[in-house]
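The values are calculated or read from the model by the stated rules, or taken from the named source; none is laboratory data. This is a predicted model, so every value here is computed, not measured. Don't worry about glycine lacking a Cβ; one is built from the backbone with ideal geometry, like all the others, and counts go over all protein chains shown. What goes into the accessible areas is simple: the full protein's heavy atoms, side chains included, and nothing from ligands, DNA or RNA. Shrake-Rupley method; radii C 1.70, N 1.55, O 1.52, S 1.80 Å.
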Amino acid sequence: MAPDLPRRSVIVGGLVLAGAFGGLARPARARAAESPTIIGCDEWGARPNRDVIPVWNQRPIRIIVHHTATANVEDVSRGAADNVARLIQGFHMDRRGWIDTGQNFTISRGGFVLEGRHRSLEVLRGGRRQVEGAHCTGQNVVAVGIENEGTYSAEEPPDALWESLRTTCAYICEQYGIGPAEIVGHRDFKDTACPGDALYGMLPALRGEVAGLLGERLSGKAARRASWPLLRKDDRGAPVQAAQHLLRAAGLPAVQADGRFDDRTLDAVRLFQTAHRTEEVNGVLGGESWPLLVTADGDPAEVERAIRALTPAPAVRASSISGVDDWLRLLDAAARRA
Ligand SMILES: [Zn+2]
C-alpha cells in the first residue's frame, strides 16, 4: 500500500522524493552544479596510455587554468575539438615522453569539454580521488588541470569556451568541495605567462561566476586573490625595482635597481633560476621564482630597499615583513597601484 505522500512528490528510480518539507522522505539536497557534457577519451579517439595512470586516494584542493598557446582558430566544430585533444596527446606522449595527456580536461574554442588524461572523467564522477596529471609540476597530485584551446594573452576566450569553463569548474568544485577562490592560473605556481594575461585577468570573474553557479557568494576581495606580479623583459615599476634589490641581495650585484626590466635584469633572473633549479630558466619572474627570491638569504640592506620600493610612505617596517605571504600581499598591492 502506498504511504500517504505529500502532494508534489515525485518517484524517481524507486526513490521517493517529497516535494514538500516535512514529508516522509526529505528531498536530497539539490545539486548546485550539474555536469556539462564531457567527451571521454574513448569518444575522441585517444591512444591508450603508455603506463598505469596514478590515482591518488585524496580529493584535489584546487583547479589550475591553462591555455594551450595554440592558434585562435575559427573552427568551433566537434571535429576540431577531437582533433585538438589528439594533437595535445600526441605532443605530450611523443615529444614530452609522458605516459598520456598531461591535463585532466580540455575545453575547445567551440566549448566542447573533453577528458584529457585517461580516467580523469570516471574519477571526477566519483568525487573522492585524484588522477595525477602532468600539467604543473608540484601541483599534479592536488590540482585538476584544465587546458583551454587558444592563446589568451591579449584576446579573450570566445563565449562558448567561457561558458564551458564556468560550468566545468562549478561541477569540479561541487564534486570535490573545492571553494571557487581556489581556481587559479598556471602562473601562480610557475614562471610562465600561461593562461595568458587576458584569461588570467578574467579569473576573478570566473571565481565569482562559479560561486554563483554553486549558489554561493564570494566577496570581491576573495574573488580577486593576491597574486605574484608576472615580470618580463621591458616591464617597469615598483615591483621590478623590488625584484632588482632582491636579486642584488641574493648576490647578483650587476643588476641596477632602476625599476626597468632590462637585459642585465633578465640575465640576473636567469642566473637566479639556474642556481635555484627552477623548472624554466627563461628570465620570467613568476609564481615559481618569486617565493624563492623573497626568502633567499641575502644582504638585509638591499632587502629593506626592496620593501621601501613597494610601500608608500610611511614605510612598512622591514621587520614586519617576515614571510612569503607578507611579500605576496606587498607585491600584489604595489602591482595594483601601478
Ligand atoms: Zn599552463
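Before moving on, here are some points about what is shown:
- The criterion of at least 2 residues that are of a type outside the set (S, T, N, Q), away from the ligand (no atom under 16 Å from the Cβ) and modelled with pLDDT of 95 or more is met by the following strands (runs of 3 or more DSSP E) wholly inside the range 54-121: 113-115.
- Checking each residue in the range 196-207 for being of a type outside the set (A, V, I, L, M) and open to solvent by 20 Å² or more (accessible area, probe 1.4 Å) picks out ASP197, TYR200, GLY201, PRO204.
- The range 115-132 residues that are assigned by TED's automatic domain parsing to the domain that holds VAL84, paired with ones that are open to solvent by less than 10 Å² (accessible area, probe 1.4 Å) and acidic (Asp, Glu) (beta carbon under 6 Å, 6 or more apart): ARG117/ASP100; HIS118/ASP100
- Looking only at the range 181-190, and only at residues there that are in a helix (DSSP H, G or I) and out of contact with any strand residue (DSSP E or B) (no Cβ under 6 Å at 6 or more places or on another chain), the one that is nearest to the ligand (Cβ to nearest atom): ARG187
- The single condition from (1) farther than 14 Å from ILE64 by Cα; (2) within 16 Å of the ligand (Cβ to nearest atom); (3) outside any loop (DSSP other than H, G, I, E, B) that LYS221 fails is (2).
- Residue in the range 270-285 that is over 24 Å from GLY185 (Cα atoms), at pLDDT 95 or above and in a helix (DSSP H, G or I) present: yes
- Count - residues of the range 137-154 that are crowded, with 16+ Cβ neighbours inside 10 Å, among the aliphatic types (A, V, I, L, M) and more than 12 Å from the ligand (Cβ to nearest atom): 2
- Residue-level check: of (1) within 14 Å of the ligand (Cβ to nearest atom); (2) open to solvent by 30 Å² or more (accessible area, probe 1.4 Å); (3) part of a helix (DSSP H, G or I); (4) not hydroxyl-bearing (Ser, Thr, Tyr), ALA193 misses just (3).
- In the condition set (1) part of a helix (DSSP H, G or I); (2) open to solvent by 10 Å² or more (accessible area, probe 1.4 Å); (3) free of Cβ contacts under 8 Å to residues at least 60 places away in the same chain, GLN256 is compliant with all but (1).
- Exactly one residue among VAL210, VAL284, VAL269 is outside the structural domain of THR151 (by TED's automatic domain parsing) and either open to solvent by less than 10 Å² (accessible area, probe 1.4 Å) or touching a Ser or Thr at 6+ places or on another chain (Cβ under 6 Å) (or both), and that residue is VAL269.
- Residue in the range 122-136 that is nearest to the ligand (Cβ to nearest atom), counting only those that are open to solvent by 10 Å² or more (accessible area, probe 1.4 Å) and assigned to a loop (DSSP other than H, G, I, E, B): HIS135
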